[in-house]
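Reviewing the structure listed below.
The values are calculated or read from the model by the stated rules, or taken from the named source; none is laboratory data. The shown structure was predicted, so the numbers you read here are calculated from the model rather than taken from an experiment. Positions of Cβ are generated from backbone atoms using ideal geometry, with glycine treated the same way; all protein chains shown enter the neighbour counts. These accessible areas exclude ligands, DNA and RNA; they are computed on the full protein's heavy atoms, side chains included. Shrake-Rupley method; radii C 1.70, N 1.55, O 1.52, S 1.80 Å.
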Amino acid sequence: MRSHIIAALLVVSSFSCKSQQNKSISLFNGKDLSSWHADVPEMDTNASAKNPFIVRNGVLVSMGKPGGHLITDSVYQNYRLNVEYRFANKPGNCGVLVYASTPRALYKMFPKSIEVQMEHTNAGDFWCIVEDIKVPDMEKRRGPKENWGITEGKERRILNLTDGSEKPVGEWNIMTIECVGDSIKVWVNKDLVNFGYDCTANKGQIAIQAEGSEVEFRKLELRPITRLTNDNSKPLQ
């Protein structure tokens, strides 16, 4: 009898652990920037420089200037990140960085990472920031192979699969970034817009840019991935 009770408890415990692993995590609580830290180089030397990342009316806002990054305190691996964002006033530029690590590794500004571009009309492009990633049709999407690189002056941009998935300025977009092992998939409003593999990193922090434009974020939700799929057309459920 005791062995049956122990077995039952193990099953319940296993189910509980799996349920906890699959539970979504909100990276933004709608109130403040707890669990994040800002890295804004200008704030090192300019006492009047203001943190470009604020919370306004329950929304996380990147004011765009001065340039820098809002970085999670925690490191993440194997997850799906849902981001709801918009350029509220005019089209602009921003990005979500995944697998982020060493700060200010590029141009003394950008942390070592893979950037998922949010620039209006180019959402879903990859930018290699002292990390690298492969995609199908590399020369078509990245340019001549001899120019490829991951540091200053190199071809670091990898074009997405399709433009036109974004909504008009002022409307909310949903970007889904799925990081599993050394691969990254990106959807914009449910359209698969990029897929990369053989990334040189497989875990790291998550960062949001201040890159010249005001951007609002109302959702940053992460769900750990505990099972895999070969279906490239849609996110894991």
Pairwise label distance in nanometres, Asp73 with Lys145, each label 7 Å out on the Cα-Cβ vector: 4.6
Kirkwood Rh (inverse of mean 1/r, distinct Cα pairs), the range 33-88, angstrom: 13.0
Portion, in percent, of the accessible area of the chain that falls on carbon or sulfur, probe 1.4 Å: 51
Bins of 10 Å, starting at 0 and running to the largest distance - Cα pair percent for the range 163-203: 30, 42, 22, 6
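Just to be sure I understand: if I project the alpha-carbon convex hull of the chain onto a plane and average over all orientations, what area do I get in nm²?
On the way: hull surface 61.9 nm².
Averaged projected area of the chain's Cα convex hull equals 15.5 nm².
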Accessible area per residue, Å², the chain with all protein chains present, probe 1.4 Å: 51
Residue order for Ile225, Ile206 - accessible surface, 1.4 angstrom probe, largest first: Ile225, Ile206
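Using a Förster distance of 25 angstrom, determine the FRET efficiency expected from the C-beta separation of Ser35 and Lys65, and round it to 0.05. Kindly include the intermediate steps, with their values, before the conclusion.
On the way: r = 24 Å, r/R0 = 0.95.
So the FRET efficiency works out to roughly 0.55.
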Gaussian network model of the chain, springs between alpha carbon atoms under 10 Å - residue of Gly153, Gly170, Gly64 with greatest fluctuation: Gly153
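Arranged from highest to lowest average of other beta-carbon atoms within 10 Å per residue, in what order do the peptides 137-148, 190-201, 115-126 appear? List each step's numbers first, then the result.
Numbers: 137-148: 12.1, 190-201: 18.0, 115-126: 22.2.
Result, highest mean Cβ count within 10 Å first: 115-126, 190-201, 137-148.
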Crossing angle, helix 2-21 versus the chain [Cα axis fit, 0-90 degrees, rounded to tens]: 10
Highest-fluctuation residue, Asn78, Asn189, Asn89 considered, GNM on the chain with Cα pairs under 10 Å: Asn89
Cross-link table Lys65/Lys190; Lys31/Lys112; Lys31/Lys167; Lys140/Lys185, entries beyond 24 Å C-alpha to C-alpha: Lys65/Lys190; Lys31/Lys112; Lys31/Lys167
